[in-house]
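The values are calculated or read from the model by the stated rules, or taken from the named source; none is laboratory data. Keep in mind it's a predicted model, so treat the numbers as computed, not measured. For neighbour counting, all protein chains shown are included, and Cβ atoms are generated from backbone atoms with ideal geometry for every residue, glycine included. To get the accessible areas, we keep the full protein, side chains included, count just its heavy atoms, and leave off ligands, DNA and RNA. Shrake-Rupley method; radii C 1.70, N 1.55, O 1.52, S 1.80 Å.
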Amino acid sequence: TTVTAAAPAPAKKAVPDVQTVTAVRHWTDRLFSFRCTRPASLRFRSGEFVMIGLMVNDAKTGREKPLLRAYSIASPSWDEELEFYSIKVEDGPLTSRLQHIEVGDEIVLRPKPVGTLVHDALLPGKRIWFFATGTGFAPFASLLREPQTYEDYDEIIITHTCREAAELHYGAELIAGLKEDALLNEVIGEGFWKKIRYYPTTTREQSPKMGRITDLMRSGEAFTDLGVQPLDPAADRAMICGNLAFNLELKEMLEGYGLEEGANSDPKHYVVEKAFLD
Ligand code: A2P
């Protein structure tokens, strides 16, 4: 008998953390959302972000390398898939490419979730405010579908400020859809969605409520519209996610109401995170 040595298996190409795109929706010429498969091992807390991106050719070495950016996970922790909500920047290194993804395409996802917009970083309270501008709505899309949000709070107020009315559609549709969410209805009980107050505003196009949320709070108009008192550290908790100027301005306002910034290791009254910008 002759023994033939098996040829050594070809070295496996080091495949990065690849996931497959399962759905894509374009909301405006500047905004899109997509869903992809979820790695079986990925555990995260609603509100956290991960690094995602695409393999691109490195002009210097001629080799493929991952181009990654931080993206809030817009889907809740219990979802079988992952969802992301993104801006499209024409000359953005990643989003100029990412905006062209289609169902079946592969994206890179580093399964190491982190972030401060998590329930663990807040002390117990009665009412939680989610303050978003633009794509800063993404972590709240996750938290609004998270049962704990309704278990922990009697009232949830979500404000979303965008330049144009069409930029509100992703959030508006998601909130309208919560009523039909089978899991939330089962876990939290029918009518949980009545705890949500949605306060959308636009700044550069006519809509039922115009103005920056910061200005509307400063003038008291937002509180009058919502029928609530200004924020109070005894009852109110808040999460902020938007562009940098917005985050800083609102942070200062919340500090003015007496709220203090919390962290995972030191829960307090509010937390902040910057929305992704390419
Ligand atoms: P504005 O149109 O007055 O700049 P962007 O698309 O530039 O990230 O902005 C998203 C939304 O956030 C816009 O409606 C913008 O209003 C608003 N915005 C920008 N800066 C601030 C800020 N410092 N405070 C409150 N809202 C802001």
Query raised in the report: Conditions: (1) at pLDDT 95 or above; (2) under 28 Å from THR20 (Cβ atoms); (3) away from the ligand (no atom under 16 Å from the Cβ). PRO93 meets all but one. Number of the miss?
Result: (1)
Requested in this report: Determine whether the stretch 241-249 contains at least one residue that is assigned to a loop (DSSP other than H, G, I, E, B), within 16 Å of the ligand (Cβ to nearest atom) and either open to solvent by 30 Å² or more (accessible area, probe 1.4 Å) or not assigned by TED's automatic domain parsing to the domain that holds LYS88 (or both).
Outcome: yes
**Report entry** Qualifying residues in the stretch 76-90 (those that are outside any strand (DSSP E or B) and either within 16 Å of the ligand (Cβ to nearest atom) or among the aromatic types (Phe, Trp, Tyr) (or both)) - the one surrounded by the most Cβ atoms within 10 Å (Cβ to Cβ)
**Finding:** LYS88
Query raised in the report: When residues of the stretch 145-168 are filtered for being within 23 Å of PRO233 (Cβ to Cβ) and among the aliphatic types (A, V, I, L, M), how many remain?
Result: 3
Report task. May I ask you to say which residue of HIS119, HIS160 is within 16 Å of the ligand (Cβ to nearest atom) and crowded, with 16+ Cβ neighbours inside 10 Å? Result -> HIS160
Requested in this report: Select, from PRO233, PRO200, the only residue that is open to solvent by less than 50 Å² (accessible area, probe 1.4 Å), in the same structural domain as THR135 (by TED's automatic domain parsing) and away from the ligand (no atom under 16 Å from the Cβ).
Outcome: PRO233
Requested in this report: Mind listing just one residue for me: the one in the stretch 168-197 that is modelled with pLDDT of 95 or more and not in a helix (DSSP H, G or I) and, of those, farthest from the ligand (Cβ to nearest atom)?
Outcome: ILE196
Query raised in the report: in the same structural domain as THR203 (by TED's automatic domain parsing), touching a Gly at 6+ places or on another chain (Cβ under 6 Å), touching a residue at least 12 places away in the same chain (Cβ under 8 Å) and over 28 Å from GLU80 (Cβ atoms): does that describe THR159?
Result: no
